[in-house]
Amino acid sequence: MLGFLSSLFAGIGFSAVIPLLSLVISGPGADENMVTKYVVQVFELFRVPYSVTALIIFIIALFVFRALAMFLFSYVRAVVEYRYRMETIRDVF
């Protein structure tokens, strides 16, 4: 589950770069693609102004959430692996 979340955050983060480039190159209200329209809708849902600064913060937040999900995934995997090894060693000896 955490691996899926990590991949999801990474995909959304990379997709958010498209509206950022669109906004920087063409300005607001320029030719919007599907990804840009979804990002604008998310910003409107949370009443956040659609700007370069907000997009950069959004992208950074997504990658921070991805890093946290990856860390938790690695931690859980390490704990499960450790417990399995300890139980196996206890059973063998």
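Would you work out the charge dipole size for the chain about its Cα centre, treating the Cβ of every Lys and Arg as +1 and the Cβ of every Asp and Glu as -1, and quote it to the nearest 20 debye?
Values: 7 positive and 6 negative charges, 57 e Å.
The dipole magnitude comes to about 280 debye.
Farthest towards the positive end of the charge dipole of the chain, among the residues 25, 55, 65, is the Cα of 65, using unit charges on the Cβ of Lys, Arg, Asp and Glu.
Relative to the dominant Cα principal axis of the chain, helix 2-15 is inclined by about 20°. Phi angles across the range 70-81 convert, under the Karplus curve 6.51 cos²θ - 1.76 cosθ + 1.60 with θ = phi - 60°, into 3J(HN,Hα) values of 5, 5, 4, 4, 5, 5, 4, 4, 5, 5, 5, 5 Hz, Gly and Pro given as x. Hey, what angle do you get for helix 17-26 against the long axis of the chain, alpha-carbon based, 0 to 90 degrees rounded to 10? That works out to roughly 20 degrees. Once P(r) over Cα pairs in 5 Å bins from 0, in percent is calculated for the structure shown, the corresponding label among [x] 3, 11, 17, 17, 15, 11, 9, 8, 6, 2, 0; [y] 3, 14, 24, 27, 20, 9, 3, 0; [z] 3, 13, 18, 17, 12, 9, 7, 5, 5, 4, 3, 3, 1, 0 turns out to be [z]. Contact order, relative form, for the chain: 43 percent (alpha carbon pairs under 8 Å, 6 or more residues apart, mean separation divided by residue count).
Accessible surface area normalised per residue over the chain is 76 Å², counting heavy atoms of protein chains with a 1.4 Å rolling probe. In the chain, the calculated helix contribution to ellipticity at 222 nm averages -28500 deg cm²/dmol per residue, counting -39,500 (n - 2.57) for every DSSP H run with n ≥ 4.
Between the alpha-carbon centres of the range 46-93 and the range 3-24 there is a gap of 17 Å.
The values are calculated or read from the model by the stated rules, or taken from the named source; none is laboratory data. Since the model is a prediction, treat every value here as computed from it, not as a measurement. FYI the Cβ positions are ideal-geometry reconstructions off the backbone, even for glycines, and counts take in every protein chain you see. All accessible areas refer to the heavy atoms of the entire protein, side chains included, with ligands and DNA or RNA removed. Shrake-Rupley method; radii C 1.70, N 1.55, O 1.52, S 1.80 Å.
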